[in-house]
Amino acid sequence: MKRSLRRALWAGAVVALTATLAPVATAFGAGSVTTTFTKVQDWGTGHEGRVTITNGSDATVSTWRIEFDLPSGSAITSFWDADVTRTGNHYVAVKKSWAGSLAPGASFSWGFNGSGPYAAPLNCTINGASCGGGTPPTTTPPTTTPPTTTPPTTTPPTTPPPDPNGKKVVGYFAEWGVYARNYHVKNIHTSGSASKLTHILYAFGNTTGGRCSIGDSYADYEKAYTAADSVDGVADTWDQPLRGSFNQLRKLKRMYPHLKVIWSFGGWTWSGGFTQAAQNPTAFAESCYNLVEDPRWADVFDGIDVDWEYPNACGLTCDSSGPNAFKNVVAALRAKFGANALVTAAITADGSNGGKIDATDYAGAAQHLNWIMPMTYDYFGAFNPQGPTAPHSPLYSYPGIPQQGFWSDAAIQKLKSKGIPANKLLLGVGFYGRGWTGVTQAAPGGSATGAAPGTYEAGIEDYKVLKNSCPTTGTVGGTAYAKCGSNWWSYDTPATINGKMTYAKNQGLGGAFFWELSGDTGNGELIGAIKGGLG
C-alpha cells in the first residue's frame, strides 16, 4: 500500500438432507449423489447456509437441479456459486456453467444468505429424487429440463455473505510474500484467518503504460507448490495449466466457499500508470477486464480493486489529471466489469484541509464502487528520520499531533461530509508498526536519529515480531506505542483494534480492512480482534 514492497467456516448446527438418486448407470452411474444443507451461522434476524452436492457415484455428473420449499418466516435473500430462482416459497437452484462437472467422489458447494432464523428446507429434490431419504424414483431422473436461466460464462459469482452484522473483513495478500517472508496462501488457512475474512485483496497488478498487467508472473501463476506448502496438501504437477498463488487461491476458495478474491492494481510503486489510464479510461478498463477474466484464472477473481496513490496529487510520482480522473477510471471499470462484479478502491486518508481527499472527487466515484478503503495508517513514520515520534495509525487526534487531519476519524468524517455513505467506507488497520531509533523520550513527540531496524525494511516491523521484541508501553489517540532501549515503535494490538472496531460500528461503517496478512501471528491474533470487534 504505502510501502514499495508492500477450513472450516464458523461451526454451526448441521441439518443434513440426503438425496439418493436411482442407481441408473445411464444417468449417473452406480452409487448415489447426495446433497447436504448446512447452517453456517444464525443471528436471529438472518442466517447463512451452505449446500454441498457430493458425487458418490462412479460416473461423472454433468449437471444438477435442486428444488425445495422454505417454511414461512425464512427466505433466501442472496446467493453465490449457483443460480437460484424463487416462486413464492418454492426455490430452484441449478449449476452455474462455469462450475464444471462433478467427477466421482467430488463435491461442490454453493451458499446463501437468508432472512429470519435458519430453517431446514422442505420437499427437497435433486434431479427429481427425494432429498429427505424417501424412496427415490425408479426411472431415470428427467434430463431434458433446462436451467431456468443461462448464466454468463465470463462473470464469476460475486455476492459476498456478510458477517452477522453485515460487516466486511478484508485483508491484503502481498504477492511478494512468498519469497523472503515465506508466507503463502496455505498460511491463510492454517492461521484460522480464512474463516474470518470475507474478502482477500491480491496485491498488486501493474499499471505500466496505462494498462493492467501482471506484477510477478512467477509468484502469480508459475511457481510450483509442493504438497507440504499447498493449501490442500496436493502438489502441483509440471503440466497443470495454472500454478502459483492464483491456483492456491482457487483451492482456498473451494475450501471456504464464502471467500471472495479481488485483484488489486497499483499500490505505492505501480500507481504511475494510472495517469496514462486516465487519458483513456475505456481502453484501460478493457485491458483490466481481459486480464482479470483471463480463462486461466477467471474463477479465482471476483472483481478489481484500484489502489491509485494518488489521483491529482503526489505519491511516489505526481499526477495532475484533474479532480475527475479517478471517477472516470472507476466508472469505466464498472461499465466494463458489469453490475455484479466487485469494483473497490483504496484511497488516501489525508483528512487535512486542502489535502489529498479534497484533490479528487471521491464522492462522485463512490457511486461506481462497492466500497472505499481510506488507508488510515502510515500517517507518521521514519520517512521523517528525526521525528517527532508519533503513532502511524491514530484513530483520534491528541495534544501535540504533528499534522492536523492526520488521524483516522478526520478522514472518515471528511469523506462522510462529502456525501459518501458510511456503509461504503471501511476502516484501515496496519498489521505492522513504524519506528525510530535514537529516541530518549517515552511519550510521543520525541526526537530521533533515524529509522529503527526492521526485519525486511528499516522503520517497519511486523506485529508478530513487535509484540515480543518491543511490547507496548502506552496508548495515545486510540492506538499503542512502545519504547524499548533507544527504539520507539507504534502499532495496533488486539486491544486497540477492538476500540477501532467499536468506532467502526458506531459510525455505521461497512467493516474494516488491513495491510497485510503476513504481519499477523501464526494463529491470527489481529484478524481475530477485527472479526470479534465487528461481531
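The values are calculated or read from the model by the stated rules, or taken from the named source; none is laboratory data. Values in this document were obtained by computation on a predicted structure and should not be read as measured data. Positions of Cβ are generated from backbone atoms using ideal geometry, with glycine treated the same way; all protein chains shown enter the neighbour counts. Areas reflect the complete protein model, heavy atoms only, side chains present, ligands, DNA and RNA absent. Shrake-Rupley method; radii C 1.70, N 1.55, O 1.52, S 1.80 Å.
In a reduced charge model with +1 at each Lys and Arg Cβ and -1 at each Asp and Glu Cβ, segment 162-275 shows a dipole moment near 420 debye about its Cα centre.
Simple point charges give the picture: +1 on the Cβ of Lys and Arg, -1 on the Cβ of Asp and Glu, and for the chain a dipole about the Cα centre of about 680 debye. When you count the other C-beta atoms within 10 angstrom of each residue and take the mean per peptide, 59-67, 428-436, 33-41 line up highest first as 428-436, 33-41, 59-67. Only residues of segment 452-479 count here: report those whose backbone N is under 13 Å from the spot 7 Å along Cα→Cβ of Ser486, or say none. Residues passing the 13 Å test: 452-453. Measuring from label point to label point, each 7 Å out along Cα→Cβ, what is the Thr317 to Asn468 span in nm? Rounded to a tenth, the inter-label distance reads 4.1 nm. If you average the C-alpha positions of segment 225-295 and of segment 310-379 separately, how far apart do those two centres end up, in angstrom? Cα centroid to Cα centroid, the span is 22 Å. For the chain, the residue among Gln507, Ala82, Ile530 whose Cα projects farthest onto the positive side of the dipole built from Cβ charges is Gln507. Under the simplified labelling scheme, the Ser72-His90 pair shows an inter-label distance of 1.9 nm, with each label point 7 Å from Cα along Cα→Cβ. Whole-Hz Karplus values for segment 261-276 come out as 10, 10, 8, 9, 10, x, x, 4, 7, 10, 8, x, x, 5, 4, 6 Hz, taken residue by residue from phi with 6.51 cos²θ - 1.76 cosθ + 1.60 and θ = phi - 60°; glycine and proline positions read x.
Residue ranges 446-452, 259-265 sort as 259-265, 446-452 when ordered by packing (mean number of other C-beta atoms within 10 Å per residue, highest first). The calculated FRET efficiency for Arg296 paired with Phe383, based on their beta-carbon distance and R0 = 60 Å, is about 0.95. Solvent exposure of Asp409, expressed as accessible area, is near 30 Å², computed with a probe of 1.4 Å over the protein chains only. If you sort the three axes of the alpha carbon gyration tensor as a ≥ b ≥ c, you get a/c of 1.5 or more for segment 168-534 and a/b no higher than b/c, which makes it oblate.
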